[in-house]
Amino acid sequence: MPVISRFYGIEILMYYEDHNPPHFHARYGEYKVLVDIKKARVLEGHMPSQQIKLILAWTIIHGEELIRDWELAKMMEELEKIEPLR
């Protein structure tokens, strides 16, 4: 599962050929969440609220790039790195 971005100790990952809706996985230490790209909301998992806020803000900023990576993943193409939150 490629890491497409890292910021503030958070890793953003996307699986190839994953199920709908378009989403990504985020890890922070032992915490993991699944995030809906289009709705910028957590679908499942748990993480401290401060990290959730950062991830959702990043999702809104980079939504188009995330959808582009989602489409690449569906075609088994190399995913593009996305700028971290600064």
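The values are calculated or read from the model by the stated rules, or taken from the named source; none is laboratory data. Everything numeric in this text was worked out from a predicted model, so none of it was measured. Don't worry about glycine lacking a Cβ; one is built from the backbone with ideal geometry, like all the others, and counts go over all protein chains shown. We work out accessible area using only protein heavy atoms, side chains counted, and drop any ligands, DNA or RNA first. Shrake-Rupley method; radii C 1.70, N 1.55, O 1.52, S 1.80 Å.
Can you pull out every residue in the range 1-45 that is at pLDDT 95 or above and of a type in the set (Asp, Glu)?
GLU11, GLU30, ASP36, GLU44
Looking at the range 1-38, which of its residues are part of a loop (DSSP other than H, G, I, E, B) and more than 12 Å from the chain's Cα centre (by Cα)? Even if it seems obvious, please write down each step before you answer.
Step one: list which residues in the range 1-38 are part of a loop (DSSP other than H, G, I, E, B), which gives 1-2, 8-9, 14-22, 29-30, 37-38.
Scanning the range 1-38 gives TYR8, GLY9, TYR16, GLU17, ASP18, HIS19, ASN20, PRO21, GLY29, GLU30.
Any idea which residue in the range 10-58 is least open to solvent (accessible area, probe 1.4 Å), counting only those that are small (Gly, Ala, Ser) and free of Cβ contacts under 8 Å to residues at least 24 places away in the same chain?
ALA40
When the residues of the range 63-76 are filtered to those that are touching a residue at least 24 places away in the same chain (Cβ under 8 Å), assigned to a helix (DSSP H, G or I) and open to solvent by 40 Å² or more (accessible area, probe 1.4 Å), which remaining residue is nearest to ILE10 (Cα to Cα)?
Across the range 63-76, the extreme among qualifying residues is ILE67.
Inspect all residues belonging to the range 46-62 and state whether any of them is at pLDDT 95 or above and in a strand (DSSP E or B). Walk me through it before giving the result.
Taking the range 46-62 and keeping what is at pLDDT 95 or above, we get 46-62.
Pick out the ones that are also in a strand (DSSP E or B) and you get 46.
Looking through the range 46-62, at least one residue is at pLDDT 95 or above and in a strand (DSSP E or B).
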